[in-house]
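Each remark here refers to the structure printed beneath this line.
Any read-out appearing in this document is the output of simple, stated calculations on the displayed coordinates, not a laboratory observation. Everything quoted here is computed from the prediction, not taken from an experiment. Because the Cβ atoms are built from the backbone with ideal geometry, glycine has one as well, and the counts that use them run over all protein chains shown.
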Amino acid sequence: MISNEILNFIKNKSLIDLPNETCGFVIENKNKNLCIPVKNISFEPKETFKIDPLDFLKVKSKYKKIQYIYHSHPSQIKNFSKLDIQTSNAILIPFVLYCVGVDEFNFYYPGETYD
């Protein structure tokens, strides 16, 4: 389960990065979860997020485990995109979404049925 401390970090980072989507990782390091924010390199950062593959590889090689990939939606859209779901399933890492417009979190775990 993800702690309130981590959720608050994601929420605050999402608000700081407005009007763009934020993104990053929740990692396990020395039996503690930490957030590692990364730059959103999307060509349309107000509508999508994209993590630099080099950032992904750096984080994956440096830390014991990536617990989640997080991102935000500045709008009121609180559902994951098809691409989010496909990516989560392909890399077997859960996604956390913070929807700024309705102040809600949503979670997707690889293999789940999602509408």
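Let me check I've understood the local charge: for Glu21, count other residues with C-beta under 10 angstrom from its C-beta, Lys and Arg +1, Asp and Glu -1. What total comes out? Walk me through the intermediate numbers first.
Numbers: positive: Lys46, Lys50; negative: Asp17, Glu44, Glu47.
Net charge in that neighbourhood comes out at -1.
Each label was represented as a point 7 Å from its Cα along the Cα-to-Cβ direction; for Ile91 and Asn4 these points are 3.0 nm apart.
Loop only per DSSP, at most 15 neighbouring Cβ atoms within 10 Å: give me the GluC sites (Glu not before Pro) in segment 3-57, ordered by residue number.
Working: sites: Glu5, Glu21, Glu28, Glu47; in loops: Glu21, Glu47.
For GluC sites (Glu not before Pro) across segment 3-57 that sit outside H, G, I, E and B with at most 15 neighbouring Cβ atoms in 10 Å, the list reads Glu47.
By the Cα gyration tensor, the chain has an equivalent ellipsoid whose semi-axes, rounded to whole angstrom, run 19, 16, 15 from largest to smallest.
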